[in-house]
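Below is one structure, written out as structure tokens, with a few remarks after it.
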Amino acid sequence: MDLSTLRKALEGERYVFDDNLLTTLYIAIKLGKPLLIEGAAGVGKTEVAKVLAAAYGVELTRLQCYGGLDEAKALYEWNYQKQLLSIQLNLKQSSGKTGGAETDGKTSQGNAADQAVVSGDANGREAECGDKRLEGLFSRDFLLERPLLKAISSDREEVLLIDEIDKADEEFEAFLLELLSDFQVSIPELGTVKAKMRPVIVLTSNNTRQLSDALRRRCAYLFIEYPTIEKEYAIINAKIPGVPAKLAADVAAAAAYLRNNEKIFKKPSIAETLDWASALMALDQKRLDEESAAKTVGFMLKNQEDILEFSEDGGFGRFIAEQLT
Amino acid sequence: MDDLLLNNLLRFFEVLRTAGVRVSLSEAIDAIEALVFVGVLDRTTVKAALAACVAKSENERKIFSECFERFFINPLEKNNYITHKTQAREQRKLEIIERASELQYQGQELDLSNELKEVYSEITVSERQSILDFLERSSTGKNMKSHFKPITENVVKGKLNNLKNKYRKPCDHHQCSIFYSPVSEAGIIAEDAEEAIREENSLIYKNLSTIEDKDMPAVIQLIRAMAERLRKSTRSRLRTSGRAGLDFKRTISSSIASGGTLFRLKYKRKHGPKQRILTLCDVSASMYRFSGFVLKFISCLHAEVSSADNYVFSTGIEKLNIRSFTTSTDIEQEITKSKVWKKGTDIGQAIHHILTDRFAIVNSSTIVIIVSDAKTLNVSKASEGLKQLSAKVKQIYWLNPIHESDWSEIAGLDGFKQHCIMLDCSNLDKLSRACERF
């Protein structure tokens, strides 16, 4: 995929982006490097992977990280139940065969020497069979593929999203290093599984903890900031069809105003701006006014302390007086 | 790629490394390869491609951007810029030396370090005049002998050392004096980029003692972010490691349904002990200049981590029953009214109280946060107390509002550092970096 095709693909998904994002994404794909995206919550980090998957025409393979996530949930797990069933079935089959051999033995009691030879051969064959069955228990048939293994085992180019990597434990982050650098994973019973087709890997982080330098070194890096008023206006227009132009502009300006207010701790995200614009549309607003903004402030500010701080600071009345009149 | 371009890129990586961006060899190779894909005709694309490969954090992005804009300019313009910078520095050095030469005792120039000479050149006219007046009085006073020079010199050094914090440049390096300024192209560009970032974010590089009321919202945001990080990290530590060993009892009882076959294995869940945070905030007279920060620290920490035990101390110690207060102003008023407000400091006594108080929860799941400048009476008692406390608790973090380069001047501080993680939080930038350690 060249730069212009990628641009068209992203535009086709109605994704609003800048040249910096496009170039970084293109470089990551071309160099075959995972892309680490950082930024505040709700700036559209996850959306990059979704749009990329849509552009590639593949389903997004997603691994949501959380504290305590381990390789059993991320990479693979042996299907214990299936293994047990297989053992039970094999036991029944082999006991059936052994029973048959005993009956044959009774009918040919006259030839003890022959029986000893047959019995010795049968034991040898059974031991060999047992080893093969044991090996079979740890084959791909009994492997439950989790997102990471699924992504690298695929025959076509997949898009793998490892979302909110900062929420996973440091041990898991270290475990990911092999996958991110060599696109392979080691399964003790099976050996090393190499990617047939290198997946496009996107990692996102809200920066709640510092990621290791080792992980950063293996990735191309993109930092997404809160959008400018113009960009957010474009996003509102792209995502909410039929939104009145003035309302979209007011909402974008109000969102920027809220984010620039140092007293507000939880800054509103783009998704919240979109929800707010939809709520205002539902109230038949053509422009933002103080009353409707105050009624719907809960879409933008999600804790009481921030709402109080904002109202003490003049609230939407001050914003409208300063910027919309 | 031609040699000139390659050479330019390698020099640029050198600039980045000097400015603090760790560019590894593999990252450098990636960056060069990236340019092969995007070409070098469009400046914005080149910048984005290089940044994607070598600048791997928000902070590194800022440094990268400043360095890029200074490095990739017309060669003639760059030569002029480097020459101008070098000349300006030499000129400034001469000015500092000349200015310091007026500091004399009975006609003899005082023996001051370059750093103090620089401080002298930066202080206000009235502050300078005050020192000159003192020297004049000392030189011409009755019975003032020439061998009194070292005494006079020490007084001047003391005055300048006190003023140093006020005029200190927020610098990461141990020595940020102009006398240690780099002379190479990489050094000059890197230092200039660092300076530009500092100017842009002047607030976060401001010394905590000089923070004004108008800056408080930013301070509050940082402390809240730190507290939130602390709360999250203690919570995630609880969940870490998923499951423990096999739970035989539950496995066997659930296997009854499948005729005794151990069809579904049940594991024990790991439960870490509930972690507690204990804060010890120094509100003595020496910490008074940081009081704005300390008060906000306590009230914000309480807002985010409500289960924390908070103590304020100076020569004595008091537990704050924060739950009985509704607003941060109430908490701050309570602290300023307390008996320990603006007294001397006895860290050893405070720790002894914590260790012997039966209501203080001090065990292997306690994280202790001390906010203090470490200037204390009875250093050996404090060090011994800290040693005992560190043996009992999970970790001790010590937030010190004094600049790290001045720690060597604080008695006993090296001993304290052996028993805790001491973090420099002399400005908001340092505080923010300290937060990342939690």
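The values are calculated or read from the model by the stated rules, or taken from the named source; none is laboratory data. Just so you know, these numbers come straight off a predicted model, no measurement behind them. Cβ sites come from the backbone with ideal geometry, for glycine too, and all protein chains shown count toward neighbours. Surface areas here come from the heavy atoms of the whole protein model, side chains and all, with no ligands, DNA or RNA. Shrake-Rupley method; radii C 1.70, N 1.55, O 1.52, S 1.80 Å.
With the cut-off at 1.5 for a/c, could you classify the range B:3-76 from its C-alpha gyration tensor as rounded, prolate or oblate?
Judged from the Cα gyration tensor, the range B:3-76 comes out rounded (a/c under 1.5).
Structure shown: which of A:K8/B:K62; B:K337/B:K417; A:K82/B:K266; A:K196/B:K47; A:K239/A:K263; B:K206/B:K339 lie over 24 Å apart, alpha-carbon to alpha-carbon?
A:K8/B:K62; B:K337/B:K417; A:K196/B:K47; A:K239/A:K263; B:K206/B:K339
If you take every DSSP beta bridge fully contained in the protein assembly as shown, what fraction is antiparallel? Give it as a percent rounded to 5.
Roughly 30 percent of the beta bridges in the protein assembly as shown run antiparallel, per DSSP.
Name the residues whose placed amide hydrogens come within less than 5 Å of the amide hydrogen of B:L399, ignoring near sequence neighbours (fewer than 5 apart) on the same chain.
So B:L399 has HN proximity to B:I370, B:V371, B:S372, B:L423.
Taking both sides together, what accessible area is buried at the A/B interface, probe 1.4 Å, expressed in Å² and rounded to the nearest 100?
What A and B bury together is about 3300 Å².
Let me know the shape class of chain A, please: from the alpha-carbon gyration tensor, a ≥ b ≥ c as square roots of the eigenvalues, rounded when a/c is under 1.5, otherwise prolate if a/b is greater than b/c, or oblate.
prolate
Grab the range B:89-168 and count how many Lys pairs have their alpha-carbon atoms under 16 Å apart, sequence gap of 8 or more, or different chains.
8
Could you tell me what percent of the DSSP beta bridges with both partners in chain A are antiparallel, to the nearest 5?
About 30 percent, rounded to the nearest 5.
With a 1.4 Å probe and all protein chains kept in place, how do B:K342, B:K381, B:K249 rank by accessible area, largest first?
Sorted by accessible area, descending: B:K249, B:K342, B:K381.
Would you please give the FRET efficiency between B:N363 and B:E404, computed as 1/(1 + (r/R0)^6) with r the Cβ-Cβ distance and R0 = 35 Å, to the nearest 0.05?
Between B:N363 and B:E404 the formula returns 0.70.
How do B:R358, B:R198 stack up against each other in accessible area, from largest to smallest, with a 1.4 angstrom probe?
Ranked from most to least accessible, the order is B:R358, B:R198.
Round to the nearest 10 and report in Å² the accessible area of A:M1, as given by a 1.4 Å probe over the protein chains' heavy atoms.
Its heavy atoms expose roughly 80 Å² to the probe.
Could you go through the range B:135-146 in sequence order and give the Karplus-derived ³J(HN,Hα) for each residue, using 6.51 cos²θ - 1.76 cosθ + 1.60 with θ = phi - 60°, rounded to whole Hz, and x for Gly and Pro?
Working through the residues one at a time gives 5, 4, 5, 5, 5, 9, x, 5, 6, 7, 8, 5 Hz.
In Å and on Cα atoms, what radius of gyration and Dmax does the range B:89-168 show?
12.5, 42
So which GluC sites (Glu not before Pro) in the range A:1-104 are both in a DSSP loop and have at most 11 other Cβ atoms within 10 Å of their Cβ?
Hits after loop and neighbour filter: A:E59.
What do you reckon, how do A:Y66, A:Y26 stack up by accessible area (1.4 Å probe), largest on top?
My answer, sorted largest first, is A:Y66, A:Y26.
A:L143's amide H: which non-local residues (gap 5+, or another chain) put their own amide H closer than 5 Å, with H modeled 1.01 Å from N in plane and none for Pro or chain starts?
A:N79
Decide, for the protein assembly as shown, between rounded, prolate and oblate: order the square roots of the alpha carbon gyration tensor eigenvalues as a ≥ b ≥ c, take rounded if a/c falls under 1.5, and otherwise choose prolate if a/b is larger than b/c, else oblate.
prolate
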